[in-house]
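Okay, structure first, notes after.
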Amino acid sequence: MTNLPLQTTWFLPRGELSRLIETLRADGYEVVGPTVDQGAIVYSEIRSTDDLPKGWTETQGPGQYRLERRTDDAYFGFTVGPHSWKKYLFPPLVTVSTAERTPDGWSISDGKNDPPKYAFLGVRACELAAIAVQDRTFLHGPYVDPVYKARRDQAFIIAVNCTQAASTCFCTSMGTGPRCTRGFDLALTELPAGFLVEVGSPAGEALAARLPLVEAAEDHTREAEARRQNAVDQIQRRMDTTGIRDLLLQNLEHPRWSDVAQRCLSCTNCTMVCPTCFCHSVRDVSDLTGDQARRERQWDSCFNLDFSYMNGGPVRNDVRSRYRQWLTHKLASWFDQFDVSGCVGCGRCITWCPVGIDLTEEVAAIRSSDGLQRPPVSPAAT
Amino acid sequence: MSGKPRLAVFKFASCDGCQLSLLDAEDELLAIAGAVEIAYFLEASSRVLPGPYDVTLVEGSITTPHDAERIQEVRRQSKFLMTIGACATSGGIQALRNWASSEEYLRAVYARPEYIRTLSTSTAIADHVKVDFELRGCPINHHQLVEVLSSLIAGRTPRTPNHSVCLDCKRRGTVCVTVAQGIPCIGPVTHAGCGALCPHFDRGCYGCYGPAAQANPSSLNDWWMQHGHAPQQLVPLMRNFNGYAPSFRSESERLERMAATSHSSDQVGGNDK
Ligand code: SF4
Ligand code: SF4
Ligand code: SF4
């Protein structure tokens with residue numbers, strides 16, 4: 001991979017994975033990564049390799065996820081689940097400021113912003129891309145979000161290359177995976193005997209120097225390549241992104257929006273599980289006396305009726321306009337705003353939609369009858 | 001008379017659980033009692049003061065001719081009338097009678113049914129008088145009640161989000177029980193308020209807070225029917241504490257019609273074999 005910043009490839013014997021976790025913990029990191037909980041592989045604190053989903057995998061489809069046993073005891077033999085790293089970088093609820101009434105007026109302070117130093121273990125290629133998308137939103141625009149920045153600046157990222165794919169994955173269509181090429185400190189590829197380790201940053205290099213690594217043998221490299229290819233080969237889902245921005249923006253009155261509105265519950269699940277969705281709302285909460293108040297920021301969603309409430313009414317007053325807002329933002333106006341697609345092809349919104357709505361199908365339906373419903377150009381309009 | 005707002009709490013057909021939620025708000029109760037004058041609240045105090053009242057909380061549904069008259073008087077005495085809970089807001093679990101014969105129930109339950117004067121329906125307060133604010137839940141969430149009362153005292157608009165339960169599942173990191181375990185859950189069409197309690201304990205949502213804003217229960221039920229659930233099994237999910245709320249009501253009636261049709265076509269199929 002030519003765009004890997006550093007080329008050296010190492011091998012970490014399987015029994016030494018615990019050393020990686022121990023070293024990070026000793027350095028003061030809170031290691032977070034995949035673990036089995038509530039019938040799924042979620043992200044949570046990892047204290048030792050015992051917390052990892054060893055021997056577990058899953059099957060996914062529209063509106064369906066099932067945890068399953070593997071026939072081997074791979075640690076990372078699964079794909080992305082219901083959680084994403086955004087829950088650490090962009091937490092669901094934060095207090096951004098507090099206010100107290102004093103005899104001299106209001107005394108206002110910033111909310112507490114001293115998050116732990118996170119080490120993310122097991123970040124997939126689509127998730128690296130999603131973090132890069134959120135970096136643009138929270139760090140690279142005119143306003144830098146201090147909550148995101150405090151977490152992001154300290155984060156140590158250990159990526160894992162996928163060696164299998166779920167039926168909902170379409171990173172190949174979005175150009176985001178399955179190979180991890182940038183945005184990590186270390187990247188692993190799991191083999192039965194251990195992990196191929198690639199270094200992606202000076203911090204990764206420094207950590208690697210303290211691990212019991214050996215130089216990767218040629219058959220390790222070859223086997224890793226074959227396993228990564230397996231993930232590519234398993235990807236079935238496609239989204240044709242040719243001219244996708246214009247396609248959607250020129251079809252704002254397409255009948256498909258009404259069709260999907262019949263099915264969509266406007267329940268917000270797709271936006272909540274999406275690793276790039278960043279919508280939130282800010283509210284002030286006071287106690288009964290009105291002497292203490294705090295300003296809270298919470299995850300919110302364009303699927304909520306009240307999200308577009310202004311001047312006495314909601315702007316997007318039906319499901320059709322809310323679904324259209326979501327999809328056209330993700331796949332079209334995101335380019336105008338952030339110069340990148342808002343979708344990285346992780347497939348979460350397909351799996352975690354309670355009625356299995358699949359954005360790749362919605363886009364395909366619009367593409368197949370593109371232009372049919374554009375208003376005819378009136379001859380009198382000149 | 002003090003300048004504090006006068007609070008009254010009236011009960012109609014209900015279990016008292018919502019009023020108890022107010023008494024349950026132990027941390028805030030003293031502050032509430034200090035901020036308002038409690039003029040009428042039999043569950044809390046035998047002191048009864050006449051109206052008018054600035055803020056009236058109404059618990060329970062209308063199930064008797066007497067209550068149908070009493071609510072008119074309560075309304076006349078109240079500046080701001082707020083319903084609390086599923087009974088007052090949509091008729092409650094007792095609205096199941098609306099699909100049954102109350103005559104038959106009376107005969108089955110009471111030794112002397114002729115002494116009972118009841119209506120054949122259980123209906124929401126808003127079906128009888130103008131309601132200024134509805135606080136959902138079976139029972140209501142006391143944090144929301146405190147939020148609404150503090151807003152009214154402070155003169156700001158109360159905030160009780162009308163989004164789905166799913167949003168709260170996701171905020172708290174609960175894995176969807178429908179997607180990961182196949183448990184039918186009506187959270188996607190249910191109004192928030194509980195903080196996604198049941199899914200957190202591996203149960204599907206019971207719909208205690210009634211339909212979410214612009215809920216689409218037909219799509220959810222269609223999905224389950226495509227995945228092996230019979231319409232008749234889905235009716236009880238819609239007919240719970242808020243079964244008579246318009247969106248749940250029309251959906252359970254749709255499911256019943258489908259069950260009737262599929263039943264008769266089953267019989268046809270059976271005859272063919
Ligand atoms: S829109 Fe869907 S597939 Fe795309 S990044 Fe978000 S959750 Fe993943
Ligand atoms: S697309 Fe699916 S997950 Fe998203 S709001 Fe609609 S029903 Fe919910
Ligand atoms: S468990 Fe129920 S309420 Fe929670 S996300 Fe799933 S469908 Fe929605």
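The values are calculated or read from the model by the stated rules, or taken from the named source; none is laboratory data. Every value quoted in this text rests on a predicted model; they were computed, and no experiment measured them. Glycine gets a Cβ as well: all are built from the backbone with ideal geometry, and neighbour counts include every protein chain shown. Surface areas here come from the heavy atoms of the whole protein model, side chains and all, with no ligands, DNA or RNA. Shrake-Rupley method; radii C 1.70, N 1.55, O 1.52, S 1.80 Å.
Can you tell me the alpha carbon radius of gyration of the stretch A:9-234 divided by the globular rule-of-thumb value 2.2 N^0.38 Å?
Details: Rg = 19.1 Å, N = 226, 2.2 N^0.38 = 17.3 Å.
In units of the 2.2 N^0.38 Å rule of thumb, it is 1.11.
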Legend entry - Surface share of carbon and sulfur [accessible, 1.4 angstrom probe, percent] for the stretch B:90-177: 53
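Any chance you could run the full-extension gain for B:L29 through B:Y110? It's 0.36 nm times the residue separation minus the Cα-Cα distance, nm to one decimal. The partial results should precede the final answer.
Working: separation 81, 0.36 × 81 = 29.16 nm, distance 3.95 nm.
That works out to 25.2 nm of additional length.
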Legend entry - Surface/4 estimate of mean projected area, convex hull on alpha-carbon atoms of the protein assembly as shown, nm²: 40.7
Legend entry - Area accessible to solvent at B:H227, 1.4 Å probe radius, in Å²: 90
Inset, instruction - Would you mind checking which residues have amide H under 5 Å from A:E58's amide H? H placed 1.01 Å from N; only 5 or more apart, or other chain. - result: A:E68, A:T79
Legend entry - Residue-normalised accessible area of the protein assembly as shown, expressed per residue, 1.4 Å probe, Å²: 44
Inset, instruction - Determine which lysines satisfy two conditions relative to B:K170: a Cα distance under 24 Å, and not lying fewer than 8 residues away in the same chain. - result: A:K86, A:K87, A:K112, A:K117, A:K149, A:K330
Legend entry - Buried on assembly, the stretch B:207-226 (at least 40 Å² less accessible surface than by itself, 1.4 Å probe): B:Q214, B:N216, B:S219, B:W223
Legend entry - With eigenvalues of the C-alpha gyration tensor scaled by 5 and rooted, chain B, Å: 37, 25, 14
Legend entry - Distance between the stretch B:52-117 and the stretch A:195-259 - C-alpha centres, whole angstrom: 61
Inset, instruction - Run the numbers on the stretch A:53-106 and let me know its relative contact order in percent, using alpha-carbon pairs under 8 Å that are six or more apart. - result: 27
Inset, instruction - Starting at the first residue of the stretch A:288-305, write each ³J(HN,Hα) from the Karplus equation 6.51 cos²θ - 1.76 cosθ + 1.60 with θ = phi - 60°, in whole Hz, x for Gly and Pro. - result: 4, 7, x, 8, 10, 9, 9, 9, 10, 10, 10, 4, 9, 8, 5, 7, 7, 4
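State the volume of the convex hull built on the alpha-carbon positions of the stretch A:247-329, expressed per residue in Å³ and rounded to an integer.
Details: hull volume 10.4 nm³, N = 83.
Taking only Cα atoms, the stretch A:247-329 has a hull volume of 125 Å³ per residue.
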Inset, instruction - For the stretch B:6-154, list log₁₀ I(q)/I(0) at each q in 0.16, 0.18 Å⁻¹, using the Debye formula over Cα point scatterers of equal strength and ignoring solvent, two decimals each. - result: -0.84, -1.02
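More than 26 Å apart: what percent of Cα pairs in chain A qualify?
On the way: 41106 of 72771 pairs.
In whole percent, the share of Cα-Cα pairs in chain A beyond 26 Å is 56.
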Inset, instruction - Note the buried accessible area between A and B here, summed over both chains, with a 1.4 Å probe, in Å² to the nearest 100. - result: 3000
Inset, instruction - Select from B:I62, B:I38, B:I84 the residue whose mean-square fluctuation is largest in a Gaussian network model of chain B (Cα-Cα springs shorter than 10 Å). - result: B:I38
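Leaving out ligands, DNA and RNA, what percent of the accessible area of the stretch A:240-335 is carbon and sulfur, probe 1.4 Å? All intermediate terms of the calculation are to be shown ahead of the outcome.
Numbers: 1920 of 3960 Å².
Whole-percent figure for carbon plus sulfur exposure: 49.
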Inset, instruction - Take chain A, connect every pair of alpha-carbon atoms lying under 10 Å apart with a spring to form a Gaussian network, then pick out the residue of A:R348, A:R70, A:R238 with the largest mean-square fluctuation. - result: A:R70
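Among the trypsin sites (Lys or Arg not before Pro) within the stretch B:75-176, which fall in a DSSP loop and have no more than 15 other Cβ atoms within 10 Å of their own Cβ?
Numbers: sites: B:R75, B:R76, B:K79, B:R97, B:R107, B:R117, B:K130, B:R136, B:R156, B:R159, B:K170, B:R171, B:R172; in loops: B:R117, B:K130, B:R136, B:R156, B:R159.
Answer in residue order: B:R117, B:K130, B:R156, B:R159.
Determine the dipole magnitude for the stretch B:121-273: charges of +1 sit on the beta-carbon of Lys and Arg, -1 on that of Asp and Glu, nothing else is charged, the reference point is the Cα centre, and the result goes in debye to the nearest 20. Numbers along the way, then the final one.
Numbers: 13 positive and 12 negative charges, 78 e Å.
With Lys and Arg at +1 and Asp and Glu at -1, about 380 debye.
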